[in-house]
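The values are calculated or read from the model by the stated rules, or taken from the named source; none is laboratory data. These figures come from a predicted structure and were not determined experimentally. Cβ: placed from backbone, ideal geometry, glycine included. Neighbour counts: every protein chain shown.
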Amino acid sequence: MKIAIIGAGHVGSSLAYALVLKGLGNYLLLVNRDATKALGNALDLQHTLAFCERPMQIEGGPLEEAVGCDIVAITASTPMAKGMTSRMELGKANVELFKSIIPMLAENNPEAVFIIITNPVDVMTCCATRLSGLPSSQIVGIGTLVDSARFRTLLSKAEQIHPDDLRAYILGEHGPNQFPVFSHASAGGELITDSPRHREIFEEVNKAGFEVYRLKGYTNFAIASAACEVIRTIVHDEHRTMPLSTCFDDWQGIKDNCFSIPVVLGRSGIIRYLQPDLNSLEIEALEQSARTVRANIDSLLLGVGERGKVKGER
Ligand SMILES: NC(=O)c1ccc[n+]([C@@H]2O[C@H](COP(=O)([O-])OP(=O)(O)OC[C@H]3O[C@@H](n4cnc5c(N)ncnc54)[C@H](O)[C@@H]3O)[C@@H](O)[C@H]2O)c1
């Protein structure tokens, strides 16, 4: 199983480390704009193999070497300015960055599942889907998976139940308009109610990414763990359910959009969408998320054509 990580910064290098520790895949390629950083990380990780259970070929190289991969994880990004208050601030530059890498990656890796981590992740997932010309089932954005994990972790503290035993999704935009699905949140069949305490926890989750960013200037461990979980699910064709960002034609009456919905994930990417019965509050929040992401897509992806090419190019 051949995996490429494009962007060997904080998130990319942490994801590579997680994959090596877990022995996921047998070939790992790191690509970075500053090639020496990718080579340095690859060498450091090769030295880690002595402490790991499985051998792996690990290399740093140019974008052109990412060929015939099964999985391509994209963390390449324009630098985040100090004091950034919205992921949308990265959008314009990252759309240009994607225009320069996605068409070649898609051409050289037509069977790969692409995992988009670069922010603003919902717009970037849509951008990658359009630029690649690949089926949307092969392009998954990490979306609200990490938010949902943070939600379960904080609920777990409040309820004194292991996070693995809690079912609780956050759906919608990876951003201020994400929303918790309390109507289906449960532990051992008991509902986790939409109480003021649980709402407070959700509000804490909503701010958590920026709080980590305020404290250390970036986030890496939780997001790398989330991406590693996605990769493990693909590598082992596990058919796990999780919230991921994906371009869809119609989900719960919302047409032609791209944000996190609950999906089943396996070796080929997204296998199917799940359709929970949402209550009226959740439907309202879903519609708000949809309007926001749609507006973000329309403003940033003007001129980035459907199915494949940048309009007017190639
Ligand atoms: N979706 C999420 O939940 C989530 C969480 C954390 C971070 N992120 C996003 O992930 C991205 C990466 O974050 P980071 O902290 O690792 O940033 P970073 O600046 O540490 O790393 C980005 C790397 O991309 C490289 N790069 C830039 N252009 C490139 C190109 N054309 N080809 C190859 N590499 C290129 C840079 O050299 C840099 O090493 C950001 O957009 C960030 O906002 C998303």
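Check whether at least one residue in the range 74-94 is under 18 Å from Ile115 (Cβ atoms) and more than 9 Å from the ligand (Cβ to nearest atom), and report yes or no. No - not one qualifying residue is present in the range 74-94. Being part of a loop (DSSP other than H, G, I, E, B), surrounded by 23 or more Cβ atoms within 10 Å (Cβ to Cβ), touching an Asp or Glu at 6+ places or on another chain (Cβ under 7 Å) and modelled with pLDDT of 95 or more, is that true of even one residue in the range 116-126? Checking the range 116-126: not a single residue is part of a loop (DSSP other than H, G, I, E, B), surrounded by 23 or more Cβ atoms within 10 Å (Cβ to Cβ), touching an Asp or Glu at 6+ places or on another chain (Cβ under 7 Å) and modelled with pLDDT of 95 or more. Return the residue satisfying two criteria in turn: it lies in the range 220-270 and is away from the ligand (no atom under 16 Å from the Cβ) and among the aromatic types (Phe, Trp, Tyr), and of such residues it is surrounded by the fewest Cβ atoms within 10 Å (Cβ to Cβ). Selected residue: Phe248.
Okay, residues lined up against (1) touching a helix residue (DSSP H, G or I) at 6+ places or on another chain (Cβ under 6 Å); (2) within 8 Å of the ligand (Cβ to nearest atom); (3) in a strand (DSSP E or B):
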{"residue": "Ala4", "(1), (2), (3)": "no, no, yes"}
{"residue": "Leu15", "(1), (2), (3)": "yes, no, no"}
{"residue": "Val20", "(1), (2), (3)": "yes, no, no"}
{"residue": "Arg33", "(1), (2), (3)": "no, yes, no"}
{"residue": "Thr36", "(1), (2), (3)": "no, no, no"}
{"residue": "Asp44", "(1), (2), (3)": "no, no, no"}
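The residue list Ile71, Ile101 contains one member that is within 9 Å of the ligand (Cβ to nearest atom) and touching a residue at least 60 places away in the same chain (Cβ under 8 Å), which is Ile101. Out of Gly83, Gly91, one residue alone is at positive phi and surrounded by fewer than 24 Cβ atoms within 10 Å (Cβ to Cβ). It is Gly83. Cβ-Cβ contacts under 7 Å between residues 6 or more apart (or on different chains), taken from a first residue in the range 202-225 that is in contact (Cβ under 8 Å) with a residue 12 or more places away in the chain and assigned to a helix (DSSP H, G or I) to a second residue that is of a type in the set (Lys, Arg) and within 13 Å of the ligand (Cβ to nearest atom), are listed as Val205/Arg150; Ala208/Arg150; Ala222/Arg150. Filtering the range 242-296 to residues that are part of a strand (DSSP E or B) and among the hydroxyl-bearing types (Ser, Thr, Tyr) leaves Ser245, Thr246, Ser260, Tyr273. Against the numbered list (1) of a type outside the set (A, V, I, L, M, F, W, C); (2) away from the ligand (no atom under 16 Å from the Cβ); (3) within 21 Å of Met124 (Cα to Cα), Thr48 comes up short only at (3). Among the residues making up the range 104-115, those that are within 12 Å of the ligand (Cβ to nearest atom) and buried (at least 24 other Cβ atoms within 10 Å of the Cβ) are Leu105, Ile115.
Scan the range 46-59 for residues that are in a helix (DSSP H, G or I), of a type outside the set (Phe, Trp, Tyr) and exposed (fewer than 13 other Cβ atoms within 10 Å of the Cβ) and the total you get is 2.
Of all residues in the range 186-218, those being within 13 Å of the ligand (Cβ to nearest atom) and touching a His at 6+ places or on another chain (Cβ under 8 Å) number 1.
Within the range 1-58, the set of residues being over 17 Å from Ala76 (Cβ atoms), among the small types (Gly, Ala, Ser) and out of contact with any strand residue (DSSP E or B) (no Cβ under 6 Å at 6 or more places or on another chain) comprises Ala18, Gly23, Ala50. What are the residues in the range 127-160 that are touching a Leu at 6+ places or on another chain (Cβ under 8 Å) and outside any helix (DSSP H, G or I), if any? Once the filter is applied, which keeps residues that are touching a Leu at 6+ places or on another chain (Cβ under 8 Å) and outside any helix (DSSP H, G or I), the range 127-160 yields Val140, Gly141, Ile142, Gly143, Thr144.
Yes/no per residue for (1) modelled with pLDDT under 95; (2) touching a Lys or Arg at 6+ places or on another chain (Cβ under 7 Å):
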residue	(1), (2)
Ile170	no, no
His174	no, no
Asn177	no, no
Ala185	no, yes
Gly188	yes, no
Asp194	no, no
Glu200	no, no
Glu203	no, no
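Name the residues in the range 275-303 that are farther than 16 Å from Phe182 by Cα and either free of Cβ contacts under 8 Å to residues at least 40 places away in the same chain or small (Gly, Ala, Ser) (or both), would you?
In the first step, residues of the range 275-303 are kept if they are farther than 16 Å from Phe182 by Cα; the result is 287-303.
If the condition is that a residue be farther than 16 Å from Phe182 by Cα and either free of Cβ contacts under 8 Å to residues at least 40 places away in the same chain or small (Gly, Ala, Ser) (or both), then Glu287, Ser289, Ala290, Arg291, Arg294, Ala295, Asp298, Ser299, Leu302, Gly303 are the ones that fit.
For the residues Gly9, Gly25, Gly68, the requirement of being under 19 Å from Asn220 (Cβ atoms) and either modelled with pLDDT of 95 or more or surrounded by 21 or more Cβ atoms within 10 Å (Cβ to Cβ) (or both) singles out Gly9.
Among the residues making up the range 300-314, a single one is at pLDDT below 95 and either part of a helix (DSSP H, G or I) or in contact with a Phe, Trp or Tyr (Cβ under 9 Å, 6 or more places away or on another chain) (or both): Val304.
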